[in-house]
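Notes follow the structure.
The values are calculated or read from the model by the stated rules, or taken from the named source; none is laboratory data. Bear in mind the structure is a predicted one, so any value in this text is a computation, not a measurement. Cβ placement follows ideal geometry from the backbone for every residue including glycine, while neighbour counts extend to all protein chains displayed.
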Amino acid sequence: MRRNSPLVPYLFVLPLAGLLTFVFGLSLVRLVGFSFKQVRGIDGPWIGLRNYELVLGQPLFWEAVRHNIQLFLVIPVMVVIALALALLLYERLPGWRIHRTILFLPYVLAIPIIAVVMKQMFQFSGPVNTVLSALSLDFLVLDWIGSADVALWTVMGLILWRETALGVILFLSRLMALDETLIEAARLDGAGWRHRAWYILIPQMRGVIEFFAVISAITMLSAVFAYVYVIGGGRGGPGTATMVIELYIFNALIRTSLPGVAAAVSVMLFLVSLILIRALFALRRREEE
Amino acid sequence: MMRPLPHLALMIASAIALVPTLFMLVTALKSQEEYQADKTGLPDAPVLDHFRQILFDTPVFLWMANSLILVAGSVVLSLAVSCLAAYAIARMEFRGRDALFTLSTALMAVPPVVLIVPLFVLYSQIGLISTYSGAILIYAGLVAPFSVYLLVTFFRTLPQDLFDAAVLDGASHLQILIRVVLPLSLAPLLTLVIVNALFVWNDLLMAVIFLQDDAKKTVMAGIAVFQGRYNNQIPLTMAGMAVAAAPMLILYLVFQRHFVRGLMAGAVK
């Protein structure tokens, strides 16, 4: 084919268009269709809004929603800790590279692996409680995994432990890209660490902080499956204490074979995440300006 | 200038980040009896028995082989598809180019969980459940938007002269891509290999839904089952986790520089 043929660019993007249509395009279209049908096996009759009515009338669904909302409490804590650690690493204290390697580590380890490890550490007769009672902190000796009142907070701790590493990675890469002359000038003017961080560095990081908050919100809403699957023994336990929306969809699809119901929940989840995706795009556009 | 407080803060944070890994490794070396008696100390006489048991009496190698096939397949497929498309988007003029790029970038933020219902129904229909090719297609699709985004941004920074010279030599677009552009793009390609391999290797959701066959289980799906079965044999479980974590841990420590760079670039995902 001639190199200037107008068809050439289309041949180059065709495989991508095909792949994205297969995985995302067709799926999203079919998803919406399924949510209005009583799917048995591969298809079924149109039943209007009945899947939605069923889901919205079920206390378990609302419990899952409440749990996902509770996970959002982790975000501000994560932002503060990640910011402090990134600023500390940026000081390039002796040995900072080793600290960086260690602080990125939680993000390299797979969620299922660390969830299994933490689940053993936080057993009632496990090492965490052993250390706590040795330190005479007996009021903190809790049944971290087995108690319905505590389990979700343990999951939150685990999410905090791992996802903070992403914040450190993001914030540090933004800091490394900053213009150093202003910071040097401030240093020569005798501005202390706290002063430089608060008045010079953090204001320039507003964009990346907001970005991290939004992607964390997407995570809390729709990417915590692996944590609760392991900690909750595959069923959101104890009882329904760690049931989240993803697990609800998984159960409806795989365990009770109700794809229509799973689709209705997925559509609602997708609509909510669209709001977050829009926020993400608005942030990115503002960053680029 | 000595400043003890920042040092102390970093020390504490590093300790917290490191403790689970240390606990995993130390416990894996204890005997069952020793762990019962002492849950936090170092092992008196390290035993390698649990590792032997994991390596020879469990299907952990099979799981790893499965994960490796999925990682290799989806990384290669997504990179091939993304390089072609990114080249066209970055260096050619055509109708719909900007729309395609915007749409592809937007898909980065679609939660994978909303895709499982239609894909599961479709795969049950056409017999792709528990097949490598079916799972590879899904993984490749999930990582393609970020790959395209990163490559387009990079390809746009390459100097125009390079392309003009290659065109004068009579090279076709495909030749330019393979002989000129890709050799200059090793850094972003390596970043993508790292970020995408981590995503596929570490995934649990797609693995438990689309690879249900015991013969097709991935490492992550395997250990999720494993820990339930050996619930009371904690040192044995930890040895299993250590073996499962080893490939990524070793890669991370050996290719630290690339990993750090890859993670920092991939963090925008």
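Computed quantities for the displayed model
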read-out: Hits in the stretch B:63-91 (condition: at the interface with chain A (Cβ under 9 Å from one of its Cβ atoms) and either within 14 Å of the chain's Cα centre (by Cα) or of a type in the set (Val, Ile, Thr) (or both)); value: B:Ser78, B:Val81, B:Ile89
read-out: Test: residue in the stretch A:92-111 that is within 30 Å of A:Gly234 (Cα to Cα) and of a type in the set (D, E, K, R); value: no
read-out: Members of the stretch B:134-186 that are part of a loop (DSSP other than H, G, I, E, B) and either hydrophobic (A, V, I, L, M, F, W, C) or more than 12 Å from chain A (Cβ to nearest Cβ) (or both); value: B:Arg156, B:Thr157, B:Leu158, B:Pro159, B:Ala171, B:Ser185
read-out: Enumerated helices (runs of 4 or more DSSP H) restricted to the stretch A:1-77, each holding at least 3 residues that are over 30 Å from A:Ile159 (Cα atoms) and either among the aliphatic types (A, V, I, L, M) or out of contact with any strand residue (DSSP E or B) (no Cβ under 9 Å at 6 or more places or on another chain) (or both); value: A:8-20, A:26-35, A:50-56
read-out: Leading residue by the ranking (nearest to B:Leu151 (Cα to Cα)) among those in the stretch B:36-74 that are touching a Ser or Thr at 6+ places or on another chain (Cβ under 9 Å) and of a type in the set (A, V, I, L, M); value: B:Leu70
read-out: Qualifying position, being touching a residue at least 40 places away in the same chain (Cβ under 8 Å), over 27 Å from A:Trp198 (Cβ atoms) and of a type in the set (Val, Ile, Thr), among A:Ile47, A:Ile113, A:Ile69; value: A:Ile47
read-out: Of all residues in the stretch B:108-133 being in a loop (DSSP other than H, G, I, E, B) and farther than 20 Å from A:Arg255 by Cα, the one that is farthest from the other protein chains (Cβ to nearest Cβ); value: B:Thr131
read-out: Filtered residues of the stretch A:230-246 (kept if in contact with a helix residue (DSSP H, G or I) (Cβ under 6 Å, 6 or more places away or on another chain), closer than 20 Å to B:Ala221 by Cβ and not β-branched (Val, Ile, Thr)); value: A:Gly236, A:Glu246
read-out: Leading residue by the ranking (modelled with the lowest pLDDT) among those in the stretch B:191-244 that are surrounded by fewer than 21 Cβ atoms within 10 Å (Cβ to Cβ), within 10 Å of chain A (Cβ to nearest Cβ) and outside any helix (DSSP H, G or I); value: B:Asn231
read-out: Complete set of residues in the stretch A:14-45 that are small (Gly, Ala, Ser), in contact with a Ser or Thr (Cβ under 8 Å, 6 or more places away or on another chain) and buried (at least 16 other Cβ atoms within 10 Å of the Cβ); value: A:Ser35
read-out: Conditions (1) within 15 Å of A:Ile111 (Cα to Cα); (2) exposed (fewer than 14 other Cβ atoms within 10 Å of the Cβ); (3) of a type in the set (Asp, Glu); number of the one not met by B:Asp169; value: (1)
read-out: Some residue of the stretch B:248-263 being more than 24 Å from A:Thr101 (Cβ to Cβ) and crowded, with 22+ Cβ neighbours inside 10 Å; value: no
read-out: Enumerated helices (runs of 4 or more DSSP H) restricted to the stretch A:187-251, each holding at least 1 residues that are without any contact (Cβ under 8 Å) to a residue 24 or more places away in the chain; value: A:193-196, A:206-222, A:245-250
read-out: Test: residue in the stretch A:233-243 that is under 16 Å from the mean Cα position of the chain (by Cα), within 11 Å of another protein chain (Cβ to nearest Cβ) and hydroxyl-bearing (Ser, Thr, Tyr); value: no
read-out: Complete set of residues in the stretch B:11-49 that are closer than 14 Å to B:Ala245 by Cβ and of a type in the set (S, T, N, Q); value: B:Thr21, B:Thr27
read-out: Among residues of the stretch B:249-259, those that are at the interface with chain A (Cβ under 10 Å from one of its Cβ atoms) and either at pLDDT below 80 or within 18 Å of B:Ala28 (Cα to Cα) (or both), counted; value: 1
read-out: Test: B:Val76 is surrounded by fewer than 23 Cβ atoms within 10 Å (Cβ to Cβ), of a type outside the set (Ser, Thr, Tyr), out of contact with any Phe, Trp or Tyr (no Cβ under 9 Å at 6 or more places or on another chain) and under 30 Å from B:Ile129 (Cα atoms); value: yes
read-out: Residues being buried (at least 17 other Cβ atoms within 10 Å of the Cβ), aromatic (Phe, Trp, Tyr) and under 18 Å from A:Leu28 (Cβ atoms) - total across the stretch A:240-287; value: 1
read-out: A:Leu178 touching a His at 6+ places or on another chain (Cβ under 7 Å), assigned to a loop (DSSP other than H, G, I, E, B) and either in contact (Cβ under 8 Å) with a residue 24 or more places away in the chain or within 14 Å of another protein chain (Cβ to nearest Cβ) (or both); value: no
read-out: One residue from B:Val76, B:Val110 being closer than 30 Å to A:Gly260 by Cα, without any contact (Cβ under 8 Å) to a residue 40 or more places away in the chain and not acidic (Asp, Glu); value: B:Val110
read-out: Test result for A:Phe36, touching a helix residue (DSSP H, G or I) at 6+ places or on another chain (Cβ under 6 Å) and either at pLDDT 95 or above or under 30 Å from B:Ile16 (Cα atoms) (or both); value: no
read-out: Test: residue in the stretch B:8-26 that is hydrophobic (A, V, I, L, M, F, W, C) and away from chain A (no Cβ under 11 Å); value: no
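Let's see how each residue does on (1) of a type outside the set (Gly, Ala, Ser); (2) in contact (Cβ under 8 Å) with a residue 12 or more places away in the chain:
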site: A:Pro6; (1), (2): yes, no
site: A:Gly25; (1), (2): no, no
site: A:Lys37; (1), (2): yes, yes
site: A:Ile42; (1), (2): yes, no
site: A:Ala64; (1), (2): no, yes
site: A:Val77; (1), (2): yes, yes
site: A:Leu88; (1), (2): yes, no
site: A:Pro94; (1), (2): yes, no
site: A:Arg100; (1), (2): yes, yes
